[in-house]
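Trainee: Got a structure for you, questions after.
Nothing in this text is a laboratory measurement; each read-out follows from the coordinates by a stated rule. Just so you know, these numbers come straight off a predicted model, no measurement behind them. Reconstructed Cβ throughout: ideal geometry from the backbone, glycine too, with neighbour counts over all protein chains shown.
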Amino acid sequence: MGILDRFSLVGKTAVVTGAGKGLGQGMSLALAEAGADVAIVELDMPAAEETAAEIRKRGRKALTIKADVTIPDEVATIVANVVQEWRRLDILVNNAGYAQPLSALDMPVQDWDRLLAVDLKGVFLCSKAAAPQMITQGGGKIINISSMSAFHVNRDADYSHYNAAKAGVVMLTKSLAVEWARHRIYVNSISPGYFRTPGNAARSDNPAIRAIRVDQGVIKRYGQAYEDLGGTVVYLASDASNFTTGCNLVVDGGYSL
């Protein structure tokens, strides 16, 4: 097997949560181009269908699943649907999440609970649901999307709950990597920096925000989901990363240096 062959995902099946747009969509398309069939987990089903159509244009199979990653019964249906359709689950990308700027002093506890439920608890629930199937198959890859906010405080807005959740994702990743290595389940995380997506374009293009997020960086541009995260997620999903587990790969254009 040549080195490029080790990056192939032909014959693999992947689940990507929050894959209807933005980073999740970009990573889903990269996985499909590497050969994987991809299940898109979303609450926004029109967005999920758009991603599915793009995957099918690339010659791969796509499945759309409506599920809330904070509800255990709905998470269980994700794995059940994928296994029923494709008989296996090789790759899980825990991408579903959101950010909501709020000061710690003014934050209602309900907002704290909701964000941690999606951004941290959801990662745990999806990983826990996928692991038994991966164990049965003899292994798998879990990729958790954290953020540079796990270790770098955003200066343009207050995100204490988001920062705490993303730091939790990194430590959860390390913990599961140790627990599940004996099952050949390799668990890693990616910490993106500032990426421009359709959902944050208006804020990203604000000159004051751009002065912080771009001008103070090293590469001095926003990241692009497909172009700048695609290779990272394919590496972690493929056999090329079979000696990599518990790792947090920072993809932030050098911003946090």
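Trainee: Can you compute the equivalent ellipsoid semi-axes for the chain, i.e. the square root of 5 times each eigenvalue of the Cα gyration tensor, sorted largest first and rounded to whole Å?
Mentor: Numbers: eigenvalues 154, 81, 67 Å².
They are 28, 20, 18 Å, listed largest first.
Trainee: OK, next. If you build a Gaussian network model of the chain, linking Cα atoms that sit under 10 Å apart, which residue out of Leu172, Leu102, Leu63 swings the most?
Mentor: It is Leu102.
Trainee: Then there's this: Grab the other residues whose beta carbon is less than 11 angstrom from that of Thr77, score K and R as +1, D and E as -1, and report the net. Kindly include the intermediate steps, with their values, before the conclusion.
Mentor: Values: positive: Lys66; negative: Asp68, Asp73, Glu74.
Here the charged neighbours net out to -2.
Trainee: Looking at the chain as a GNM with Cα springs under 10 Å, which of Asp239, Asp90, Asp113 has the largest mean-square fluctuation?
Mentor: Asp113
Trainee: Here is a follow-up. Among all the lysines, which ones have a C-alpha under 23 Å from Lys12's C-alpha, if same-chain residues fewer than 8 places away are not counted?
Mentor: Hits, sequence-local ones excluded: Lys21, Lys57, Lys61, Lys66, Lys128, Lys141.
Trainee: So, in Å, what gap is there between the alpha-carbon centers of the stretch 117-166 and the stretch 28-100?
Mentor: Each part reduced to its Cα centre gives a spacing of 16 Å.
Trainee: Which order do the peptides 212-223, 114-125 take when ranked by the mean count of other beta-carbon atoms within 10 Å per residue, highest first? It would help to have the intermediate numbers written out before the result.
Mentor: Working: 212-223: 15.2, 114-125: 20.9.
By packing density, highest mean first, the sequence is 114-125, 212-223.
Trainee: Of the listed peptides 152-162, 180-190, what is their order by residue-averaged count of other C-beta atoms within 10 Å, with the highest listed first? Don't skip to the answer; put the middle values down first.
Mentor: Numbers: 152-162: 16.8, 180-190: 20.5.
Order by mean packing, descending: 180-190, 152-162.
Trainee: While we're looking at this one, here's another question. Taking Cα atoms, how many degrees apart are the long axis of helix 122-137 and the longest axis of the chain, rounded to 10 and kept between 0 and 90?
Mentor: Around 20 degrees separate the two axes.
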